[in-house]
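Working notes, structure below.
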């Protein structure tokens, strides 16, 4: 599923005549990060300033927007737009993807300052189970057609 997303992003960027700057980082094993923002500090092009323990810091990908005073990127957690991601625990994160170029335009004006996409381990497991269930249903359907 991750490769499919990467190919779609690359195709969209190439069609727009841009360069692909999105990079998905998949976590494996135990994490040493204390917060999700410590995890983001290692991402190239992401700057994090301020934010006491448990509060939302300022996250910069592209700097200050020219259209408004907004600097925050769009946070997407398992396909849902979020304003605050302080509730996320680093050990629950499966992957982080930072989109900083024209490909963020597929998110409209909300993505003007970049997009940070989080996929949680529970969502990845749910996708896997759903795919297995769909595969079993297709197999059963084909078997029923053959038996008729």
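Worth pointing out:
- The distance between label points at residue 124 and residue 137 comes to 2.5 nm (points 7 Å beyond Cα on the Cα→Cβ vector).
- Counted over the stretch 87-138 with a bin width of 5 Å, the fraction of Cα pairs per bin, in whole percents, is 4, 19, 16, 13, 16, 16, 9, 5, 1.
Values quoted throughout were computed directly from the atomic coordinates according to the rules given, and no laboratory measurement underlies them. The model shown is predicted, which means the values in this text are computed figures rather than measured ones. Positions of Cβ are backbone-derived with ideal geometry, glycine not excepted, and every protein chain shown enters the neighbour counts.
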